[in-house]
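Coordinate-derived values only; no laboratory data. The model shown is predicted, which means the values in this text are computed figures rather than measured ones. We place every Cβ from the backbone using ideal geometry, glycine too, and count neighbours over all the protein chains shown.
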Amino acid sequence: MHTSVSKSTRVTVTLDPQVAEWARQAADRQNRSLSSVINAALRTTLVHESLTALVIDEEAELGAAYEDVQLTQAAENDASGAA
């Protein structure tokens, strides 16, 4: 079940000076608030990490690839038979 978060949570963090400057520069370039830039960066990183942690079912991947090849071959056969 997915629940929508409607309220922001205030969090105080200490950034390294260089990271803080990068974030400020990014916010200026994008004409966005510092908070929105940091939120976007965290969101992107957390999504990336969650996707890289997913376990890949190799057997299912191979089965899906095999089905794709079969469908492509069937479509080619249909196309050559229609000509």
Taking segment 5-35 and the residues there that are over 22 Å from the mean Cα position of the chain (by Cα), of a type in the set (A, V, I, L, M) and assigned to a loop (DSSP other than H, G, I, E, B), the one that is surrounded by the most Cβ atoms within 10 Å (Cβ to Cβ) would be Leu15
For segment 36-55 the number of residues that are loosely packed, with under 10 Cβ neighbours inside 10 Å and not in a loop (DSSP other than H, G, I, E, B) is 4
For segment 25-51, pairs from a residue that is touching a residue at least 12 places away in the same chain (Cβ under 8 Å) to a residue that is among the aromatic types (Phe, Trp, Tyr) and in a helix (DSSP H, G or I), with Cβ under 8 Å and 6 or more apart or across chains, are none
